[in-house]
Amino acid sequence: MSDDRYPPGTPLRTRSVAHRRRGRGSSRAIAIAATTAIALAGCAATGTSGGPGSGPLNIGMSLPLTGSAADVAKSGYQGYKLWAAQVNAAGGLLGRNVHLDVLDNGFDPNQTGTDYTRLISQNKDDLLLGTFSSLLNAPASAIAARQQMLYIEPSGGAASLFTRGFTNLFFAQPGTTESLPDLFLEWFGSLPADQRPKTAAYLTQDDPSASPAIAIFKTRLQALGVTLVYDQTYDPSTSNFDSIAAGVAHARPDMVIQGAVSNDGAPFVRSLEKLDFSPKILFQTRAPADDTYPGAIGAKNTEGVFTAEAWSPKAAYPGNAAFVSAYTKMFGSPPDEDAANSYTAAQVLETAVKAVGRIDQKALADWLHSHSVGTIVGPLKWDATGVPVGTAMLAQWQQGTLQVVAPKSAATSSTVVYPKPGWSTR
Amino acid sequence: MTELVQTLIFGILIGGVYALMATGLTLTFGVMKIVNMAQGAFLIVSTYLCYALWQHFGLDPILAAFLVMVPMAALGLVVYKLVIERLERIDPGLTIVATFALALIAEAFLALIWGPDQKTTTPAYFNQAIHLGPLVIPRAQFYGCLLAIVITVVLQVAIKRTWLGRAITAASENPEGARLIGVEPARVGAWIFAIATGSTAFGGAALSFLYQFTPDTQDFWLGLALSVVIVGGLGSVPGAFAAGLLLGLAEALTTTYVSVRWATAVPTLLILVVLTIRPQGLFTRTTRQDAGS
């Protein structure tokens, strides 16, 4: 995508001409270039690169800038761009200007694999940053591991990503999907036994980021005495939730837990609204954090809906308010969670590089395994597999705003709305 | 037993809405033999127009449908005269490509005007339900189904009892014979296209309050409408209604008694079964075709 090696506005034709000219060099020049390439390849193979002052520091990434996740990628890319601009304004990393080498994978896992191979082997990027979704991070992280490159991913919290024995993979969020239910269950357990909901309905999109969390909800809520009355997994292409909502309403559960990944959260709520069925608790995994959620179900109807968040614009972690302000100034609208996640991943990379003082992939990974990193989502540290030792925040919609209700260190509201009020006419 | 009755109620209500979405397509596809790939786009254009009237004037989408019907019928007439009629003379197959292109253009225009975000209307009855003992009847779906019944009856009466209706039937079954008795198939075709496009106003109104919509929602509804038309039989308005109910019931019963995962496969499976057993669709009879017609 962006290419800082040419001045802005340089026509593509000029660039291709420059490439052709390079191709017409003398045999001596070719020999020098080949020797240099072999030397650089040798550096890459041993996981080291040049030191301070040796040109731009190239950071490779492949993002779904087109395709079905393009909206996520846009803000995620902007988070990376803000970080790069801030680092460069402060003198760069290791004294070198940061250059983001971005490829578009169209939300295709195969293309993502190809892109990361190209970034490492052909573009010889110094460092890598991760892409979005577990679907794309799975192949990308495997290639990074094979090439012994550090791989910090902004999203992709499916548990299956961290069971492959990689030692250079790090998830830059406070918790994976497996820790997503923790704080909710903690709050639930704190309710007096006679006030706890007795029955629950579970609804899960067939997605690696949703299914494991809902499975944990089921097991742990059953252990707390909650009876399962409805349990279904739906296809990601499902857009009509009327029949599903009818099944849920018929089971009349006290609470509904939905593994909603994106746009599946709002239509399910609308289907419940049409049936005039409102549970005492509604927890949806990701959907309620989406900007369009209040508009889709009606701002009043968001009241009391629970979700889990990796990041909140209001959380009082060092640098978070400054990030929100800088992002808003740079892009004209406040950041969303994807922007924050990519910014966090870049913060982790920056901290490790500054601490180690050189581009040494193994040393960087070793440092991250043994240190805690301060980020806009709070301090992050990881276990041996790259899983963050922490948990996502518990958030709830209250009076038209998504508030963090746990943990206390990040809470923006001291109260929890329970039971959820019934649906209102907008 | 209550669960079964409740499931059947939901199936019928959802099916009625499916039938409503397919009404226009059954006329153009079945009667005129035109595979109108823009029917889904027309539906979404109507939905956005109903949404605009609701948003700016607070007009109930069902009432808005009566206003939207007029410009939509006019749009159908213009599209027929400018595109369909001309291309049919060259090669009827070209109408598929042309209507597909129209759908893409309409989608782009809608995205330019209203953006890609999901929209919806929420009239007062949106989150109200009629409770009959343990049974629940959502008002929104009930009104959607009621609209489907009214539109089906009106169209059926118009086709069976009016001169235009008889002309449509004659022109579709035997164009040459129709010409002999003074019916010009091209003129009748324009009327059908206008009626089919105008009828999307009611489907669009129901869609605006029943579901969320974006410019590209047309793909889903076009696919579903094609399923309804194929199962019901080409050109049969009551067939489309019955097929819509059948699809809705199959989907609801599958969701309740088999698995939610299978619900999205129901229309495809139903088409396969119907095409195997009765290729002409469930509610049409095979008629003799004149050689060369």
* Structure fact -> Only one of A:316, A:289, A:326 is surrounded by fewer than 24 Cβ atoms within 10 Å (Cβ to Cβ) and modelled with pLDDT of 95 or more, namely A:326
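Kindly indicate the residue of region B:264-285 that is touching a residue at least 24 places away in the same chain (Cβ under 8 Å) and either part of a helix (DSSP H, G or I) or farther than 15 Å from residue B:235 by Cα (or both) and also farthest from the other protein chains (Cβ to nearest Cβ) among those meeting that condition.
By that ranking, first place goes to B:275.
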* Does region B:5-25 contain at least one residue that is more than 14 Å from chain A (Cβ to nearest Cβ) and surrounded by fewer than 21 Cβ atoms within 10 Å (Cβ to Cβ)? -> no
* Given (1) within 14 Å of chain A (Cβ to nearest Cβ); (2) crowded, with 24+ Cβ neighbours inside 10 Å; (3) under 18 Å from the mean Cα position of the chain (by Cα), where does residue B:249 come up short, assuming only one miss? -> (2)
* **Residue that is modelled with the lowest pLDDT [pool: residues in region A:168-201 that are surrounded by fewer than 24 Cβ atoms within 10 Å (Cβ to Cβ) and among the polar types (S, T, N, Q)]** => A:179
* Asked: Of all residues in region A:107-134, which are over 16 Å from residue A:175 (Cα atoms) and crowded, with 20+ Cβ neighbours inside 10 Å?
  -> A:107, A:112, A:115, A:116, A:119, A:125, A:126, A:127, A:128, A:129, A:130, A:131
* To do: Determine whether region B:113-130 contains at least one residue that is free of Cβ contacts under 8 Å to residues at least 60 places away in the same chain, more than 14 Å from chain A (Cβ to nearest Cβ) and either among the acidic types (Asp, Glu) or closer than 30 Å to residue A:292 by Cβ (or both).
  => no
* To do: Those residues that are touching an Asp or Glu at 6+ places or on another chain (Cβ under 7 Å) and either surrounded by fewer than 15 Cβ atoms within 10 Å (Cβ to Cβ) or in a helix (DSSP H, G or I) (or both), I need them from region B:74-130; list them, please.
  => B:95, B:107
* Could you please find all residues in region A:384-426 being outside any loop (DSSP other than H, G, I, E, B) and more than 23 Å from residue A:257 (Cα to Cα)? => A:388
* In region A:292-313, what count of residues is obtained for those that are part of a helix (DSSP H, G or I) and buried (at least 18 other Cβ atoms within 10 Å of the Cβ)? -> 6
* Kindly indicate whether any position in region B:147-157 is within 11 Å of chain A (Cβ to nearest Cβ) and closer than 30 Å to residue A:272 by Cβ. => no
* Spot the failing condition for residue A:269; the list is (1) farther than 19 Å from residue B:257 by Cα; (2) more than 7 Å from chain B (Cβ to nearest Cβ); (3) touching a residue at least 40 places away in the same chain (Cβ under 8 Å), and only one is missed. => (3)
* **Any chance residue B:207 is out of contact with any Ser or Thr (no Cβ under 8 Å at 6 or more places or on another chain) and in a helix (DSSP H, G or I)** => no
* To do: Return yes when residue A:208 is part of a loop (DSSP other than H, G, I, E, B), surrounded by fewer than 23 Cβ atoms within 10 Å (Cβ to Cβ) and under 19 Å from the mean Cα position of the chain (by Cα) and no when it is not.
  => yes
* **Check on residue A:374, more than 14 Å from every other protein chain (Cβ to nearest Cβ), in contact (Cβ under 8 Å) with a residue 40 or more places away in the chain, at positive phi and not β-branched (Val, Ile, Thr)** => no
* Asked: Based on what the data block shows, is residue B:177 of a type outside the set (Lys, Arg), closer than 30 Å to residue A:266 by Cα and either surrounded by fewer than 22 Cβ atoms within 10 Å (Cβ to Cβ) or away from chain A (no Cβ under 14 Å) (or both)?
  -> no
* To do: May I ask you to say which residue of A:79, A:92 is over 18 Å from the mean Cα position of the chain (by Cα) and within 18 Å of residue A:58 (Cα to Cα)?
  => A:92
* Filter result for residue B:182 (of a type in the set (Gly, Ala, Ser), surrounded by fewer than 24 Cβ atoms within 10 Å (Cβ to Cβ) and not in a helix (DSSP H, G or I)) -> yes
* Which listed residue is farther than 30 Å from residue B:248 by Cα and not charged (D, E, K, R), from B:171, B:194 -> B:171
* Can we say residue A:355 is under 22 Å from residue A:78 (Cβ atoms) and among the aliphatic types (A, V, I, L, M)? -> no
* Asked: What is the one condition in (1) over 26 Å from the mean Cα position of the chain (by Cα); (2) facing another protein chain (nearest Cβ under 10 Å); (3) free of Cβ contacts under 8 Å to residues at least 12 places away in the same chain that residue A:295 does not satisfy?
  -> (1)
* Enumeration of residues in region A:273-291 that are in a helix (DSSP H, G or I) and within 9 Å of chain B (Cβ to nearest Cβ) -> A:273, A:274
* Every residue from region B:206-222 that is of a type in the set (A, V, I, L, M) and more than 20 Å from residue B:36 (Cα to Cα) -> B:206, B:210
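Looking at this structure, is residue A:352 among the hydrophobic types (A, V, I, L, M, F, W, C), in contact with a Phe, Trp or Tyr (Cβ under 6 Å, 6 or more places away or on another chain) and either in a helix (DSSP H, G or I) or buried (at least 24 other Cβ atoms within 10 Å of the Cβ) (or both)?
yes
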* What are the pairs, 6+ residues apart or on separate chains, where a residue within region A:74-102 that is more than 15 Å from residue A:131 (Cβ to Cβ) has its Cβ under 7 Å from a residue that is of a type in the set (Asp, Glu) and in a loop (DSSP other than H, G, I, E, B)? -> A:99/A:4
* Check off (1) outside any helix (DSSP H, G or I); (2) within 30 Å of residue B:253 (Cβ to Cβ) for residue B:43 and give me the number that stays unchecked. => (1)
* Within region B:193-217, tally of residues that are farther than 19 Å from residue A:266 by Cβ and in contact with a Gly (Cβ under 8 Å, 6 or more places away or on another chain) -> 9
* To do: Hey, can you tell me all the residues within region A:204-255 that are among the polar types (S, T, N, Q) and more than 10 Å from every other protein chain (Cβ to nearest Cβ)?
  => A:205, A:209, A:211, A:219, A:222, A:227
* When you go through B:187, B:261 one by one, which is the residue that is farther than 20 Å from residue B:143 by Cα and more than 14 Å from chain A (Cβ to nearest Cβ)? -> B:187
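The values are calculated or read from the model by the stated rules, or taken from the named source; none is laboratory data. Since the structure is predicted, the reported quantities are computational estimates derived from the model, not experimental observations. Because the Cβ atoms are built from the backbone with ideal geometry, glycine has one as well, and the counts that use them run over all protein chains shown.
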